[in-house]
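Asks: Structure incoming, see below.
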Amino acid sequence: MGGRLRVLKNTYHLYTIRRRLMTRNALWAVTMLVIAAFLGAMYSFPPAYVCSSYLVSSVFMYFLGIYLSMNLHAGENDVFEEILLLHADSDAAYYLSREMLQARMCLICSLILSFFPLIYSIIRAGYFTRAIMPGDVCCGAAVILFCGFCGAETGDFFHPRFIGRRYGICFAILISVVALCKQGLMETFAAFGILEIFMPPVTDSLVLLGNSDNFEAMGIFLIVLHMFAYSLVMMCIKILLLRHSRYRI
Amino acid sequence: METLITLENVTKTYEDLCVLDHISLDLKRAESIAFTGHNGCGKSTLLKLIAGLIPLSGGKIVRHEKIRFGYVPEKFPGMNIRMKDYLGAIAGIEGVEASEADALVRDFFLEPMKNTKLHELSKGSLQKVGVIQALLGRHDVLLLDEPLSGQDTDSQNVFLEKIHELRDRGVTILMSCHERKLIEELSDREITIEQGKLLCRESDEAGS
């Protein structure tokens, strides 16, 4: 029990260091600007459908997650990280702290994207085709958040410790494009059915929604579960690779 | 003295360059060794291999028990975090009171700069922060890579005093340095790295 407590405590302190490094960081400013630009463009033309607005935001959040994670790991200093690894005395605390920072950034961005439609519908009555219900916000927020996690883990998977940055960006884009097109690929070539397992389920919720403007709770829950599993698997494989390549040579 | 770490035929190559060539060495508790040699001979590489920060190209390093390493890098990175916040968090990780970090900051004459971000500090001040973070907590082995680089005389004296205290506590000190004063004052033996091999000065025999 003492050991676990120590790991948690160390994770907290490591996370504090990482969080403070992000204070007044240009990455936050750029991210907020990008979100503002997206929301400005997205909600310019009424009327808007409630569910598809949320799901388009979720696709945006996926790419934002990639952007955030790739910028975070590009900003890592090898010597600084080595020192943190030695102090942490526990790989778990060190890697958890990285994930916590990423998750926090995704959470903040997701909250903005999730609550903006609700606030906007109050300020500008009649903008949406119908009233936004609490269930819409819950389902939409869950999809947006977990799409963010999927994007963050996809981007962070291509860490400079084991792959050059240019190749990392290319692979991240490749996976994203395939994930966006997987429905069409699977319908055209049966062999691509395997993509259902290996690709992030970014567009699954859009396929589930179809022409409707109501979230199907159980369907959304299963998609979110798939996203959670994808993020977890990517995270575990990434951590194994990072542990093997502790130092960027 | 008990052996803490054993290096057996350790080799490290970077592409075509063999930096360390089948070196073997026993590192004992409370021992103090200074690694010397020309720039680029592999001193920093050896320290990082011992700490497990970089992978071996050949051979093995046996740690006979769980070892806590403290590490002063050659160039401590200037990051976007205040000195006070960074050292406070490191103190928290090491399970020591924040007051211990504050005391070290005062001892190294960094009190006026404690609210300054690391990337705004001078080279010498930054290196002092690198030393302080390594002195926080209880370590078995302290790895010092040119620890006095850019530091003023008073700080150097404080540093020597702190290292003597650690030696009295049985901490193993491994340092890479060029300063003769540091070598003579702190080290039990001096090992020169030359063409990938170790040369122990005391006995004038090749260390492997």
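Here, each number is a calculation from the coordinates, and none is a lab measurement. Predicted, not measured: the structure shown is a model, and the values here were computed from it. In this analysis, Cβ positions are derived from the backbone assuming ideal geometry, glycine residues included, and neighbour counts consider all displayed protein chains.
Asks: With Cβ to Cβ distances under 15 Å as the rule, what net charge do the other residues near A:PHE128 carry (K, R +1; D, E -1)?
Replies: 0
Asks: I would also like to ask the following. Any idea what angle helix A:134-157 forms with the longest principal axis of chain A, computed on alpha-carbon atoms, 0 to 90 degrees, nearest 10?
Replies: It is inclined by approximately 40 degrees.
Asks: Only loop residues by DSSP count here, and only those with at most 14 other Cβ atoms within 10 Å; note down the trypsin sites (Lys or Arg not before Pro) in segment A:8-86 that meet that.
Replies: Counting only loop positions with at most 14 other Cβ atoms within 10 Å, the trypsin sites (Lys or Arg not before Pro) in segment A:8-86 are A:ARG24.
Asks: With only Lys, Arg, Asp and Glu charged, each at its Cβ (+1 for the first two, -1 for the last two), find how big the charge dipole of the protein assembly as shown is about the Cα centre; round to the nearest 20 debye.
Replies: 1100
Asks: How much length would be gained if the chain were fully extended between B:GLU161 and B:LYS60, taking 0.36 nm per residue of separation minus their Cα-Cα distance, in nm to one decimal?
Replies: 33.0 nm
Asks: Using only Cα atoms and rounding to the nearest 10 degrees, what angle (0 to 90) does helix A:91-123 make with the longest principal axis of chain A?
Replies: Long axis of A:91-123 versus the principal axis of chain A: about 20 degrees.
Asks: Still on this structure: State, to one decimal in nm, how far the label point of B:THR13 lies from the label point of A:ARG124, with both points 7 Å from Cα in the Cβ direction.
Replies: Distance between the two pseudo-spin positions: 6.5 nm.
Asks: Under a 10 Å cutoff between Cα atoms, tell me which one of A:ARG165, A:ARG98, A:ARG124 has the largest fluctuation in the Gaussian network model of chain A.
Replies: Answer for the Gaussian network model of chain A: A:ARG124.
Asks: Additional query: Work through the residues other than A:THR31 whose Cβ is under 14 Å from its Cβ and net out their charges, Lys, Arg +1 and Asp, Glu -1.
Replies: For residues surrounding A:THR31, the net value is +2.
Asks: Exactly which GluC sites (Glu not before Pro) in segment B:1-55 are in a DSSP loop and have at most 11 other Cβ atoms within 10 Å?
Replies: Here the sparse-neighbourhood loop sites are B:GLU2, B:GLU15.
Asks: To continue, here is another question. Towards the positive end of the charge dipole of the protein assembly as shown, with charges on Cβ (+1 Lys, Arg; -1 Asp, Glu), say which of B:PHE76, B:LEU4, B:TYR14 has the farthest Cα.
Replies: Of the candidates, B:PHE76 comes out farthest on the positive side.
Asks: Can you list which of the trypsin sites (Lys or Arg not before Pro) found in segment B:28-80 are DSSP loop residues with at most 13 other C-beta atoms within 10 Å?
Replies: Filter output for segment B:28-80: B:LYS66.
Asks: Can you give me the C-alpha center-to-center distance between segment A:200-249 and segment B:57-75, rounded to a whole angstrom?
Replies: What the calculation gives is 38 Å, centre to centre.
Asks: To the nearest 10 degrees, how steeply does helix B:83-94 sit against the main Cα axis of chain B, on a 0 to 90 scale?
Replies: 60
Asks: Also: What does the net charge come to around B:LEU46 if you take all other residues with beta carbon closer than 11 Å to its beta carbon, with K and R at +1 and D and E at -1?
Replies: Its environment carries a net charge of +2.
Asks: Springs between alpha-carbon pairs under 10 angstrom, Gaussian network model over chain B: which of B:MET83, B:MET113, B:MET175 fluctuates most?
Replies: B:MET113
Asks: Calculate the dipole size of segment A:1-150 relative to its Cα centre from +1 charges on Lys and Arg beta carbons and -1 charges on Asp and Glu beta carbons; express the result in debye to the nearest 20.
Replies: So the magnitude is around 480 debye.
Asks: Still on this model: Long-range amide H contacts for B:GLU194: which residues qualify at under 5 Å (H placed 1.01 Å from N, peptide plane, sequence gap of 5 or more or a different chain)?
Replies: Excluding prolines and chain starts, which carry no amide H, the hits are B:LEU199.
Asks: Classify segment A:94-249 from the C-alpha gyration tensor, please: rounded if a/c falls under 1.5, else prolate or oblate depending on whether a/b exceeds b/c.
Replies: In terms of gyration-tensor shape, oblate.
Asks: Skipping prolines and chain starts, which residues have an amide H placed within reach, meaning under 5 Å, of the one on B:ARG68, given they are 5 or more residues away or on another chain?
Replies: B:ASP140, B:VAL141
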